[in-house]
Structures are given as C-alpha cells and as structure tokens.
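Q: Encoded as structure tokens, here's the structure I'll be asking about.
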Amino acid sequence: MAVGLLLAAELPHEMNPRAVITPSPAVPEGNALLQVQGPTTLGIEGGSRYSSSHREELMMGEFLGIDDLLEALNAGQRITAGSPLHALMHSTSQDALRICAELNDGYRSPGQVRDLLRQLTGTNVDDSVVLFPPFNSEFGRNIELGKNVFINAGCKFQDQGGISIGDECLIGHNVVVATLNHDLEPARRADMIPAPVIIGRNVWIGANATILSGVTIGENAVVAAAAVVTKDVPAGAVVVGSPARVVRTV
C-alpha cells in the first residue's frame, strides 16, 4: 500500500493552484511519495539542495519521498504551511499514528513492541531497548535509540526535528519531547521550524518532564520530574523547575 498520497482536492488552498499532487505508483508501506505536476514550491527555506533564492519550483513529474523530507528537517529548514513538504509530513504522520495505535491496542510482548518500534522508526532498534506502552509519536521516522534504553509508559515524541537518545538512558512516565516550533509572526504562524533534541548517554529524565526543541542534554545528566527544559543541560548536571535550572552536579 502506498501511504500518505494526497489528491489535489486535499491540498490546502494556499498552494499554487496550477500544482497538482497525485498518487505515485505503489510503494512499500511507510515510504510515502508525492508526485508534483506543474510548478509549485517545496516550501523550505535556507541552504538545502532544493533552494534557489529560498524556493525552487519543482519540475513536472518529480517525486518527493521520505528522504527528501528528512533532508529538509535535519537541515533545520522552515517547512512552509501548505507546501508539498508540509503535505508529505502530514501524510507520513498517518503511518506513525497507525503503528502507534497498534502498539497501544492491548498487550504486546517486549519483542512485539520492539518490532513495532522498528516499523515506526525505520531503524534496527536494538534488542536491549525496552518500552512500556502506551507510547505516541506523530512522525516516527526521525527517532534514534541507543542500547539499553528504557522508556516508561505514556511518553510522547514529536520527532520531526530529530530525537537521538543515547545508550543506557532512562525516560520516565509521560515525558514529552518536542522538536518543532511555530513562527511567532502571526502571518506565518502555521509554518514549522524543526530543531533536534539530543539526549546523551546515561541520562535520567524524570516523570512528566518536557524537553523542547533544539536542546542537548549531556551524558549522565538528570532532569527532575515535571521540569521544562528550554536550553542545553551540561553533562552531569541535575536540573529542576520550569524553566529548568542547574541545582547540582553528580
């Protein structure tokens, strides 16, 4: 089944009306493609291979796939609301929502959980990883898990901007990791700006903590329960509060 293929009627009005996006030929599940017919913009800004004076028109028949989207996201490119990349991001999310629904629907053995995580992330999740459902991710394809990672129940990962979790990490109940920001400018509020969250080796994140986009947490650090982490955490630091602040080192 080709996942996440949009018809022209489903596209936001803001897109160039001359641009038509149609289903591509059948592709493996989880590898959504968009075929763009007619001139439109990719909806990214900055220095990726797609940009020329910030935007470049796609030529007729060009396909957009998950690798194109990940390249833009990992480069920190703005994803313009209503653009083909925005549409592709939403269509990819449908696959993630389906996998998470299967993961959270009844009991799953540890091996079954890991198999579903492999489907969700498109990576070879190590057999030492343990996750207690329920778990939710709205994208899935930009999560990297190290070895001996434990993720407790109720966590929510918004991973479009990239989430990397190092070996030996402990992630408590109901932790939220967010990697997207919206523009503060009202006229561009629906645009999305990705930035990665990097969690170093042997980090412990307490229950109900929130980690915001662009944050790096150094190895051996501890994030207290309910902390809101808005800036980098030094290695070996213990942070508490909202916004999180360093109170000691270990």
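The values are calculated or read from the model by the stated rules, or taken from the named source; none is laboratory data. Because the structure is predicted, anything quoted here is derived from the model rather than measured. Neighbour counts are summed over all protein chains in view; Cβ atoms, including those assigned to glycine, are modelled from backbone coordinates with ideal geometry. These accessible areas exclude ligands, DNA and RNA; they are computed on the full protein's heavy atoms, side chains included. Shrake-Rupley method; radii C 1.70, N 1.55, O 1.52, S 1.80 Å.
Q: Percent of accessible area on the stretch 172-229 owned by carbon and sulfur, 1.4 Å probe?
A: The value for the stretch 172-229 is 59 percent carbon and sulfur by accessible area.
Q: Which whole-number percent gives the relative contact order of the stretch 109-203, counting Cα pairs below 8 Å spaced six or more residues apart?
A: RCO, the stretch 109-203: 22 percent.
Q: Let me ask something additional. Given Cβ point charges of +1 (Lys, Arg) and -1 (Asp, Glu) and nothing else, what value in debye, to the nearest 20, does the dipole of the stretch 82-222 about its Cα centre take?
A: 120 debye
Q: Convert each backbone phi in the stretch 183-194 into a coupling constant with the Karplus relation 6.51 cos²θ - 1.76 cosθ + 1.60 (shift: θ = phi - 60°), then list the ³J(HN,Hα) values in order as whole Hz, x for Gly and Pro.
A: Calculated HN-Hα couplings, in order: 6, 6, 5, x, 5, 10, 4, 7, 5, 10, 10, x Hz.
Q: Here is a follow-up. Quick one: work out Rg over Rh on the C-alpha atoms of the stretch 83-178, Rh as Kirkwood radius.
A: Across the stretch 83-178, the Cα-based Rg/Rh ratio is 0.95.
Q: Would you kindly calculate the mean projected area, averaged across all directions, of the convex hull enclosing the Cα atoms of the stretch 86-245, in square nanometres?
A: So the Cα hull casts an average projection of 8.8 nm².
Q: Of the heavy-atom accessible surface of the stretch 84-142 (probe 1.4 angstrom), what whole percent is carbon and sulfur?
A: Carbon and sulfur: 52 percent of the exposed surface of the stretch 84-142.
Q: Starting from a Cα-only point model with no solvent, please compute log10 I(q)/I(0) by Debye for the stretch 189-231 at q = 0.25 1/Å.
A: Those come out to -0.86, one per q.
Q: Exactly which trypsin sites (Lys or Arg not before Pro) in the stretch 216-250 are in a DSSP loop and have at most 14 other Cβ atoms within 10 Å?
A: In loop regions of the stretch 216-250 (DSSP not H, G, I, E or B), the sparsely surrounded trypsin sites (Lys or Arg not before Pro) are LYS231.
Q: If you don't mind, there's one more thing I want to ask. Hey, can you find the accessible area per residue of the stretch 71-118 for me, probe 1.4 Å, expressed in square angstrom?
A: In whole numbers, the stretch 71-118 has 39 Å² accessible per residue.
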